[in-house]
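These notes are about the structure you will find just below.
The values are calculated or read from the model by the stated rules, or taken from the named source; none is laboratory data. Values in this document were obtained by computation on a predicted structure and should not be read as measured data. Using ideal geometry, Cβ is built from the backbone for each residue, glycine included, and neighbour counts are taken over all protein chains shown.
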């Protein structure tokens, strides 16, 4: 047992900050925000890892276009999948462990918990400035296990993602309660898919209404990190696994995304100084 | 049963509209069961937020009953932080202890994924014979990838797939739309912007590859999100629209046959009306 815990320490010992991306609601953009946050942080010269604990619907491998890669074993554990030659972004997801990409992971809680524990303990991340943990929707097995497994490493906190509709904000309120109950600090709320600018007539339409995230942040007394508009260029580049931050600095979602990353960076430098 | 591997693609929206559509026939008893334990959306969409349960389900209309974990929570901030076994217990209770009465249709709205809730509901309902599953997706590959897993799940647990619905298929700008709107909805035209681009051919191609039927494509519509937030029904919002009448016609003309084939036809018809209904709302605005 002692040997095991010592090994655990060494695998996350080189990770400086751990962030969780959470939302009670599905499809609001947790993986998108995780991906873009990682790309923005890399843009500022940071080394970033993403741990995808969404076991029944992993999206991270697809968003980086590395879904065909496999995980290899080394002395200290599993080698994460690197996005580029410089190894500036490394990923771990159940998507890399499946034989066929369409395989369904039909697991009940205990099996999922065991894999998450392994993901936390056995991945050889090496030195990272940030480890971003992308989660499935809800407040259940995966979340409880992840928070429990990460507790010894004192995660920096959680970013909550919502879309502006009341239906989504309602689920995120429950997620806030989850954070409170498990003692996880809320770094802030991101409102995604907030408004769409028609490329034909540049009229802005609030497809999913507006302001729900900001209101919730005010109501709950947590920071509001910003609104990310619906941007066809953003979803396109995620589909193709391209670096949105590098390629579309003029798009409508760009300033919002980099602003979020900047606030996270400011938060960590304040903390360490 | 309404399923999707992906979250936020419109499972609850579809379930709510289907329930309203089926309940338009007063002779039919419809029940809507929400087994998304951690993120129940149905109470809000049906306009039942804040209601509490007795041992009966809550009724939106006389013949439309609803049950959700949302009714058991004392405040909208309450989080249900449960692991699998507790969730399964509650689902079992929903099926066994809720006095549903005699019902013609039971629509089950599920959380995203292929885990405890899904296994349990299929298992508990296996004796009752499930007609099948409607699977919802959005056009992006990221979403289709999860939906393929869901279809594999259905094969594994021997749940027939009634068909796939592609939601958020495009968006028609309310400012530069014109009277071509009806055709615009059915044919992707230039005025329609692809917010979620179908880079790998969308649901259509996936359905061909996996040999399941595509029930329809639904464009993004700001109105639908608003109706859901307010808990209103589309149909009662525009009672004079031909859409409401055709909903009734479809449900009347449908045979009382409960075979999977009949219900798949029904679902396809409902979907066509649903799309029509939304386009009417556009014109009314």
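Details
- Checked against (1) within 9 Å of chain A (Cβ to nearest Cβ); (2) surrounded by fewer than 23 Cβ atoms within 10 Å (Cβ to Cβ), residue B:26 meets all criteria but (1).
- For residue A:144: the one exception among (1) within 17 Å of residue A:19 (Cα to Cα); (2) in contact (Cβ under 8 Å) with a residue 60 or more places away in the chain: (2)
- Of all the residues in the range B:1-13, those that are within 13 Å of chain A (Cβ to nearest Cβ) and in contact with a strand residue (DSSP E or B) (Cβ under 6 Å, 6 or more places away or on another chain) number 6.
- In this entry, residue A:96 passes the filter for residues that are touching a strand residue (DSSP E or B) at 6+ places or on another chain (Cβ under 7 Å), within 14 Å of another protein chain (Cβ to nearest Cβ) and either buried (at least 20 other Cβ atoms within 10 Å of the Cβ) or over 27 Å from residue B:156 (Cβ atoms) (or both).
- Boolean, residue A:125 is touching a residue at least 24 places away in the same chain (Cβ under 8 Å), more than 15 Å from the chain's Cα centre (by Cα), outside any loop (DSSP other than H, G, I, E, B) and away from chain B (no Cβ under 12 Å): no
- Residue A:134 vs. criteria within 14 Å of chain B (Cβ to nearest Cβ), under 18 Å from residue A:38 (Cβ atoms) and in contact (Cβ under 8 Å) with a residue 40 or more places away in the chain: yes
This table checks each residue for (1) at pLDDT below 90; (2) buried (at least 19 other Cβ atoms within 10 Å of the Cβ).
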{"residue": "B:76", "(1), (2)": "yes, no"}
{"residue": "B:88", "(1), (2)": "no, yes"}
{"residue": "B:92", "(1), (2)": "no, no"}
{"residue": "B:135", "(1), (2)": "yes, yes"}
{"residue": "B:148", "(1), (2)": "yes, yes"}
{"residue": "B:155", "(1), (2)": "yes, no"}
{"residue": "B:160", "(1), (2)": "yes, no"}
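- Residue B:111 meets all of the listed conditions (1) at the interface with another protein chain (Cβ under 9 Å from one of its Cβ atoms); (2) modelled with pLDDT of 85 or more; (3) farther than 23 Å from residue B:68 by Cβ but one, namely (3).
- Flag for residue A:141 being at the interface with chain B (Cβ under 7 Å from one of its Cβ atoms), in contact with a helix residue (DSSP H, G or I) (Cβ under 6 Å, 6 or more places away or on another chain) and either farther than 19 Å from residue B:85 by Cβ or crowded, with 24+ Cβ neighbours inside 10 Å (or both): yes
- Qualifying residue in the range A:48-68 (condition: within 21 Å of residue B:149 (Cα to Cα) and away from chain B (no Cβ under 14 Å)): yes
- Which listed residue, of B:63, B:88, is over 26 Å from residue B:147 (Cβ atoms) and free of Cβ contacts under 8 Å to residues at least 60 places away in the same chain: B:63
To keep it simple, each residue is scored yes or no on (1) within 14 Å of another protein chain (Cβ to nearest Cβ); (2) surrounded by fewer than 18 Cβ atoms within 10 Å (Cβ to Cβ); (3) outside any helix (DSSP H, G or I).
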position: A:219; (1), (2), (3): yes, yes, no
position: A:227; (1), (2), (3): no, no, yes
position: A:235; (1), (2), (3): yes, no, no
position: A:256; (1), (2), (3): no, no, no
position: A:259; (1), (2), (3): no, yes, no
position: A:265; (1), (2), (3): no, yes, no
position: A:269; (1), (2), (3): no, yes, no
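- Considering the range A:22-36, the residues that are in contact with a strand residue (DSSP E or B) (Cβ under 6 Å, 6 or more places away or on another chain) and not in a strand (DSSP E or B) include one that is nearest to the other protein chains (Cβ to nearest Cβ), namely A:28.
- Number of residues in the range B:126-163 that are away from chain A (no Cβ under 14 Å), without any contact (Cβ under 8 Å) to a residue 60 or more places away in the chain and under 20 Å from the mean Cα position of the chain (by Cα): the value is 1.
- Yes/no for residue A:91 being surrounded by 16 or more Cβ atoms within 10 Å (Cβ to Cβ), touching a residue at least 12 places away in the same chain (Cβ under 8 Å) and more than 9 Å from chain B (Cβ to nearest Cβ): yes
- Subset tally (residues that are within 30 Å of residue A:230 (Cα to Cα) and in contact with a strand residue (DSSP E or B) (Cβ under 7 Å, 6 or more places away or on another chain)) for the range A:144-181: 17
- Condition met for residue A:160 (farther than 30 Å from residue B:48 by Cβ, touching a residue at least 60 places away in the same chain (Cβ under 8 Å) and either within 14 Å of another protein chain (Cβ to nearest Cβ) or under 18 Å from the mean Cα position of the chain (by Cα) (or both)): no
- Residue in the range A:40-58 that is without any contact (Cβ under 8 Å) to a residue 40 or more places away in the chain and under 16 Å from the mean Cα position of the chain (by Cα) present: yes
- Scanning the range A:171-186 finds no residues that are at pLDDT below 90, part of a loop (DSSP other than H, G, I, E, B), within 14 Å of chain B (Cβ to nearest Cβ) and surrounded by 24 or more Cβ atoms within 10 Å (Cβ to Cβ).
- Looking across the range B:122-131, just one residue is surrounded by fewer than 17 Cβ atoms within 10 Å (Cβ to Cβ) and in contact with a helix residue (DSSP H, G or I) (Cβ under 6 Å, 6 or more places away or on another chain), and that is B:124.
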